[in-house]
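Computed from the coordinates by the stated procedures, all read-outs in this text should not be read as laboratory data. A quick note: this is a predicted structure, and the numbers were derived from the prediction, not measured. FYI the Cβ positions are ideal-geometry reconstructions off the backbone, even for glycines, and counts take in every protein chain you see.
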Amino acid sequence: MSGKQALAKKEWLKKRFDEGLVFYRSEERGKCFIEYIPAENAWVPIEAGGWLYINCLWVSGSMKGHGYSSELLSECIRDAKEQGKKGICILCAEGRKREFLADPKFLKYKGFKVADISDCGINLMYLPLAENADQPRFKDCARHPKVSETGFVLYYTEQCPFTYYWVPKVQEAAKEHGISFQAFHITDKEAAQNVPAPVTTYALFRDGEFLTQGIQSDKKFLALAGIK
């Protein structure tokens, strides 16, 4: 990660701390961390008043299998209980759709249940901590992701540092090859909570249909566009 990418991420985080965002790192520093926020302030189209939403539970490849995910999640659960929250919710998906999302098998093992399912295969899972709490759910725009524009349409934020690097390169590649491409940079919570997709960090559409939340390099994007 470049210095500019890291700075963009830090600036995004800094603006969220007053909204209750917590960024907690394990002893392995940047290789293992959890990022969560009161769901009312989450940059995703969900209805989950009184819950905590996990933006990111990240354990680097070499660190997996050593209990760091459990350690980080336990800290989030402890904090949620201390704050009197109804519970915790997070996005996940199976198999290849899981890029940059949580593993549902791990979450089920930890007691999470499926709260809602998007048409694109991304699920909202939850861990209740209070009795009889209304479970969180997607807004309709996230449950049925779709846009009216043709060609490629991208919604993205600077929550992930890799968007800062790759989005301009994809824009350049699209322009160079005459590919219809529109990018919408989401810069505030209100806009993020009404994006027509369950993921707002990076949501790529093609001819109206949701394509992927996986951040694309210029080469991967051109492959998606059928250009070799």
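For the chain, the Kirkwood estimate of the hydrodynamic radius, built from every pair of different alpha carbons, is 18.1 Å.
Using Cβ point charges alone (K and R +1, D and E -1), the dipole size of the chain about the Cα centre works out to roughly 620 debye. In this structure, the amide hydrogen of residue 46, modeled 1.01 Å from its nitrogen in the peptide plane, lies closer than 5 angstrom to those of 139, counting only residues at least 5 positions away or on a different chain.
Across the cross-link table entries 105/139; 14/81; 14/228, which are compared at the Cα atoms, the separations over 30 Å belong to 14/228.
Taking the number of Cβ atoms within 10 Å of each Cβ as an exposure proxy, the fewest-first ranking of 26, 74 is 74, 26. DSSP assigns beta bridges within the stretch 130-228; of those with both partners inside it, close to 65 percent run antiparallel. Above 20 angstrom, tally the Cα pairs of the stretch 108-175 and express them as a % of all pairs, no decimals. Roughly 55 percent, rounded to a whole number.
Can you give the net charge of the other residues whose Cβ lies under 9 Å from the Cβ of residue 173, counting K and R as +1 and D and E as -1?
On the way: positive: 169, 175, 219; negative: 172, 176, 218.
Local net charge: 0.
In this simple spin-label model, placing a label point 7 Å from the Cα along the Cα-to-Cβ direction at both residue 133 and residue 150 gives a separation of 4.7 nm.
Taken about its Cα centre, the stretch 127-221 carries a charge dipole of about 220 debye when Lys and Arg each add +1 at the Cβ and Asp and Glu each add -1 at the Cβ.
Between helix 68-82 and the chain there is an angle of about 60 degrees, using the helix long axis and the longest principal axis of the Cα atoms.
Remark: the stretch 35-43, residue by residue, has Karplus-estimated 3J(HN,Hα) of 10, 9, 7, x, 4, 4, 9, 5, 8 Hz, where x stands for each Gly or Pro and the curve is 6.51 cos²θ - 1.76 cosθ + 1.60 at θ = phi - 60°. Near residue 146, once Lys and Arg are set to +1 and Asp and Glu to -1 for all other residues with Cβ below 12 Å from its Cβ, the sum equals -3.
Across the stretch 138-225, the convex hull enclosing all Cα atoms gives 81 Å³ per residue.
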